[in-house]
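Have a look at the structure below, then the notes.
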Amino acid sequence: QVQLVESGGGLVQAGGSLSLSCTVSGSIVSINTMGWYRQAPGKQRELVAVFSSGGSTNYADSVKGRFTISRDGAKNTVSLQMNSLKPEDTAVYYCKADVSYWSGFVLKGMDYWGKGTLVTVSS
């Protein structure tokens with residue numbers, strides 16, 4: 001069974017920094033894409049930062065220059081360093097991974113989500 005376990009988050013003042021981490025566990029063949037999304041109260045879930053299958057990164061315009069996504073392939077972990085945080089960054093942050101796994105003799109792919117971690121930035 002594939003699981004995504006997130007850590008980090010919490011309460012920070014505007015201008016401060018936080019770091020999030022997400023680890024994929026379970027019987028997988030590969031992680032194709034992996035990254036972070038967020039959902040603020042009353043808003044739709046949006047992409048924050050993600051690694052593509054080719055290894056390139058994609059950031060939301062609102063976080064470019066402030067957030068940095070990194071990964072450790074050996075540990076199936078992706079991290080998000082968030083600097084210069086703003087009150088509008090307040091949201092539940094979710095880790096998502098597109099994972100390949102064997103189902104019998106068939107190689108399948110599926111998206112998995114973490115449970116989310118709350119980031120609150122006070123003004």
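The values are calculated or read from the model by the stated rules, or taken from the named source; none is laboratory data. This one's a predicted model, so the numbers in the text were calculated from it and none came from an experiment. FYI the Cβ positions are ideal-geometry reconstructions off the backbone, even for glycines, and counts take in every protein chain you see. Side chains are part of the model used for accessible areas, which takes the heavy atoms of the whole protein and leaves out ligands, DNA and RNA. Shrake-Rupley method; radii C 1.70, N 1.55, O 1.52, S 1.80 Å.
Taking first residues from the range 39-64 that are within 23 Å of Ser17 (Cβ to Cβ) and partners that are open to solvent by 60 Å² or more (accessible area, probe 1.4 Å) and not in a strand (DSSP E or B), the Cβ contacts under 6 Å between residues at least 6 apart in sequence or on separate chains come to Gln39/Arg45. Beta carbons closer than 6 Å, at least 6 apart along the sequence or on distinct chains, pair a first residue in the range 102-123 that is under 16 Å from Val2 (Cβ atoms) with a second that is of a type in the set (A, V, I, L, M, F, W, C) and in a loop (DSSP other than H, G, I, E, B) for Tyr112/Val2. Of the residues making up the range 56-96, those that are part of a loop (DSSP other than H, G, I, E, B) and of a type in the set (Gly, Ala, Ser) are Ser56, Ala60, Gly65, Ser84. Looking only at the range 80-106, filter to residues that are of a type outside the set (Lys, Arg) and closer than 15 Å to Ser25 by Cα; which one of those is surrounded by the most Cβ atoms within 10 Å (Cβ to Cβ)? The residue in question is Cys95. Of all residues in the range 73-101, those that are hydrophobic (A, V, I, L, M, F, W, C), under 16 Å from Ala60 (Cα atoms) and without any contact (Cβ under 8 Å) to a residue 60 or more places away in the chain total 2.
Assessment of the range 12-33 against the conditions (in contact with a helix residue (DSSP H, G or I) (Cβ under 7 Å, 6 or more places away or on another chain) and closer than 21 Å to Thr120 by Cβ) yields at least one matching residue.
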